[in-house]
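K.L.:
Before we start, here is the structure in question, set down as structure tokens.
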Amino acid sequence: MELKDGIQEMVKELRKLEQEKLFNIRISRYNEALYSKKELSSFLNVSVKTIDRLVSRGQIRTFKIGKCIRFNPREVLEDLEKLAY
């Protein structure tokens, strides 16, 4: 239950940032900036290990570019919202 509460809190924070125009997502998903694991963990204010755990459980979507894993912030937000509710 604790993880669910933490995820709900992250979703609330992301929604707050989105409303404050700090979380700018372009309409087209192909024009969006992709985040690295470190950037995403910093943005969500969680550890890289938490990101690794969410990825390994298949709870958030990733893009693989060569050997690098990247994250679409809009898709991550959608995935976290599904987990929270």
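The values are calculated or read from the model by the stated rules, or taken from the named source; none is laboratory data. Note that the structure is predicted; figures quoted are calculated from it, not measured. Please note: Cβ atoms are built from the backbone with ideal geometry, for glycine as well, and neighbour counts cover all protein chains shown. All accessible areas refer to the heavy atoms of the entire protein, side chains included, with ligands and DNA or RNA removed. Shrake-Rupley method; radii C 1.70, N 1.55, O 1.52, S 1.80 Å.
K.L.:
How many residues does segment 70-85 contain that are outside any helix (DSSP H, G or I) and either polar (S, T, N, Q) or open to solvent by 60 Å² or more (accessible area, probe 1.4 Å) (or both)? Before the answer, list the steps.
P.N.:
The initial filter retains those residues of segment 70-85 that are outside any helix (DSSP H, G or I), namely 70-72, 85.
Still in the list and also either polar (S, T, N, Q) or open to solvent by 60 Å² or more (accessible area, probe 1.4 Å) (or both): 70, 72, 85.
The total comes to 3.
K.L.:
Show the residue pairs meeting these rules: Cβ distance below 8 Å; 6+ apart or different chains; first residue within segment 1-19 and more than 17 Å from ARG74 (Cβ to Cβ) and hydrophobic (A, V, I, L, M, F, W, C); second residue assigned to a helix (DSSP H, G or I) and at pLDDT below 80.
P.N.:
none
K.L.:
Restricted to segment 45-65, and to residues that are closer than 14 Å to GLU75 by Cβ and polar (S, T, N, Q), which residue is surrounded by the most Cβ atoms within 10 Å (Cβ to Cβ)?
P.N.:
Only one residue fits best here, namely THR62.
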